[in-house]
Amino acid sequence: MDSVRTRFAPSPTGYLHIGGAWTAFFNWLHSRHYGGRFVLRVEDTDRSRSTEQYEAAILEDFRWLGILWDEGPEVGGPYGPYRQTERSELYARYAGELEERGAAYPCFCSPEELEEERRRASAERRPHRYSGRCRSLSPPERERMEAEGRRASLRLRVTDLAEPIVVSDLVRGSVVFEPEHLDDYIIVRSDGTPLYNFANVVDDHLMGITHVIRASEHLPNTPKQFVMYRALGWTPPAVAHLPMILGADRKKLSKRHGDTAVREYRVQGFLPEAILNFFALMAWHPEAEKEIYSLDELVAAFALEEVGRASPVFDFEKLTWLNGVYMRRLIGADIDRVVGICAGVLQREGLLPGDVDAEQRAYLKRVVTIVAERLRTGRDIVAYGDFFFRDVVFEEAAAAKHLTRQSAPLLEAYAGALSALDPFERVGIEAALRGVCARSGAEARALIHPARVALTGRTIGPGLFELCEVLGRERSVDRLRRAALIASRA
RNA sequence: GCCCCCAUCGUCUAGGCAGGCCCAGGACACCGGUCUUUCAAGCCGGCGACGCGGGUUCGAAUCCCGCUGGGGGCACCA
C-alpha cells in the first residue's frame, strides 16, 4: 500500500486560526499514525489578499505548536514548489489540456453580468446557477468577443453529468450529490490565475496526496472537485470532512468570538502541548475517562473513523484548565521555561524591560517559583505577582476591609521587627509576625491579612512569608509602613 | 430560494456500526464540604443530558421514518 500523505493548505490572508491549526493537527496525526508524510502547501493564488508576512507568521505558529511539515515552504521536498504562485506553468498546462479536449471552455461573461444573473435568480427565488451562456459559443462568436476586448475566464464543463456524484467520506460516510445541482464553474480567472477548486485538485494529485482531511465547509466543493479529477483522468484521494469549530453562539468560530489566532494564545502564555492535547478533545476523545495525553499517545490512537461529525463549541475554560495542568507539570520539569513565558507576558505588560539582566532574571525566577503553582496561563503572573514589579496598587475593597485602624499598630510593629531581622528569610519572617502578634495579644490572622494587603494590594496571592522574602527587606518594610499610615487614618 | 451536514448534562465527550452490561460514564464550569494565612491546587460530595413524534423489537440513547432545531455552502475567496 502506498504511504499515506496528508496536507494542510493555508492561504496566507491572516494569522493561523484555531480551526486551521486543529485541522492541520488531525492531518498531521493521521500521517504520523501511518508513518506517512505531512505536506504544507501555501495557497496564495488570491494575490490581493495574500501576503508574505502572513505566510511567515503561519509557518512560525506551526513551528511553535510543534506541528512540523515534512515537505513544504522553507523545507522543500520532491514535489515542489509548495507555493501556488510558483506553480503557474503547471496549472496552465492542465487548463490548456482541458480546454483542448473540450472539457473546459472560455467564458466571456463579465463579473458584473454574472452578478446580475445571480441577483435575478435570487429575486425570483431560484437557485443560483450559471446560465450556460458561453457554453456553446461557436469559434466566430468567440473571436468576436475577443475582438470586443473581452478577456475570457475558463469554465469546467460539468452539466453533461448524468449520474450522481457519490463521495465516500471517511468521517461522514457516503454523501450523494445530484448532478442537476452542479453547474459549470470557473477554474481559471480571466487574468490567467487558477481558482481554488482547480489548483487544489492539480496540486493534491501532483503531490501524491492520499487523504484530504479538511473542514466540512469544503464538503460542497467535493463533488465539483471529483468532476475535475474525472475530467483530468485522475483518481481522487480519500476525503474526510471534519466538523467546524463553533463559538459560544454556535456560529463558525471567528474573530468576533474573541481570540481565534494561535498567536494570541502564545502571547497569553499558553503552552503548545496543552493546546494540542485540547485539540484532541474536540470531535474526538481517544479514551473514555482520560483527558491528558502525550503526543505519542495521540499519534498511536488516532483514527479518522473515530472522529465525530457534530461541530464542537470551542471551550476556552477547558483549554485554560488543561493549560494549568501542563503548567503545574512544568514547574518540576522545566521551571526556566515557565520563567521565560512569564517574562514575555511581563514585558508586554510593561512590567519588565525588554532586555532583562542577570539580576532581574534571578529575581524573576524567585517570583515565578513561588507563584507558579497558581498559574493556569502565563498571563496569570500579572494577577498574582504584578506587585513584585511595580508599586502596590491597592484594591479598594481589600484596603477598606483590612487596613483598619486596629491593624495600624500591628503593621507598624511588624515593619519594625522586619527592619531588624537578619537574615531576611521565610522562617524568620514568619516568626517575627507571630512574635508581634503574641506581644500584643492579637491573633496571627489579625496581622496576616493586613500585611498581605500592605505588600501586594490584594487579598489573594502567594504565601505571605515567601512573597515577603522575595520582595526583600527594604520594600517590605516600606510597604508595611505606608500601609500602617493609611490604616491609622482609616 | 436551492444543496449538504449535524443532534447525549450549560460546554467537551464515552456509549451508537455488532439493541439488553446505560433508570447513561468521564472531564470543564458551577454549588457545597475539607485542607489552609488568602488564592490556587488537592481530596470528598452535589447539580445536570439521550430534542420531539411515530415505528421495528420481548427490549432502543443505540436500528428505520417524519418533524423540529442548529450549522455549512451556493464567488473570476479559500
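The values are calculated or read from the model by the stated rules, or taken from the named source; none is laboratory data. What you see is a predicted model, and the numbers here were worked out from it, not measured in a lab. In this analysis, Cβ positions are derived from the backbone assuming ideal geometry, glycine residues included, and neighbour counts consider all displayed protein chains.
Descriptive notes on the structure:
- With respect to the conditions (1) on the phi > 0 side of the Ramachandran plot; (2) more than 12 Å from RNA strand B (Cβ to nearest atom), residue A:144 falls short on a single one, namely (1).
- From the list A:162, A:123, A:103, the one residue that fits, being exposed (fewer than 12 other Cβ atoms within 10 Å of the Cβ), over 40 Å from the mean Cα position of the chain (by Cα) and among the hydrophobic types (A, V, I, L, M, F, W, C), is A:162.
- Conditions (1) surrounded by 18 or more Cβ atoms within 10 Å (Cβ to Cβ); (2) in contact with a helix residue (DSSP H, G or I) (Cβ under 8 Å, 6 or more places away or on another chain); (3) farther than 17 Å from residue A:381 by Cα; (4) modelled with pLDDT of 95 or more: number failed by residue A:299: (1)
- Filter pass, residue A:163 being under 30 Å from residue A:243 (Cα atoms) and more than 13 Å from RNA strand B (Cβ to nearest atom): yes
- Pair list, Cβ under 7 Å, 6 or more apart: the stretch A:1-29 residue within 14 Å of residue A:212 (Cβ to Cβ) and within 13 Å of RNA strand B (Cβ to nearest atom), other residue at pLDDT 95 or above and in a loop (DSSP other than H, G, I, E, B): A:7/A:41; A:7/A:207; A:7/A:209; A:9/A:41; A:9/A:43; A:24/A:67
- Within the stretch A:172-201, restricting attention to residues that are at pLDDT below 95 and among the hydrophobic types (A, V, I, L, M, F, W, C), the residue that is farthest from RNA strand B (Cβ to nearest atom) is A:182.
- In the stretch A:1-58, the residue that is surrounded by the fewest Cβ atoms within 10 Å (Cβ to Cβ) out of those that are over 22 Å from residue A:276 (Cα atoms) and among the charged types (D, E, K, R) is A:2.
- One residue from A:83, A:129 being at pLDDT 95 or above and among the basic types (Lys, Arg): A:83
- Residues (modelled with pLDDT of 95 or more and among the hydroxyl-bearing types (Ser, Thr, Tyr)) located in the stretch A:252-268: A:265
- Residue A:149 being in a loop (DSSP other than H, G, I, E, B), modelled with pLDDT under 95 and either away from RNA strand B (no atom under 11 Å from the Cβ) or over 39 Å from the mean Cα position of the chain (by Cα) (or both): yes
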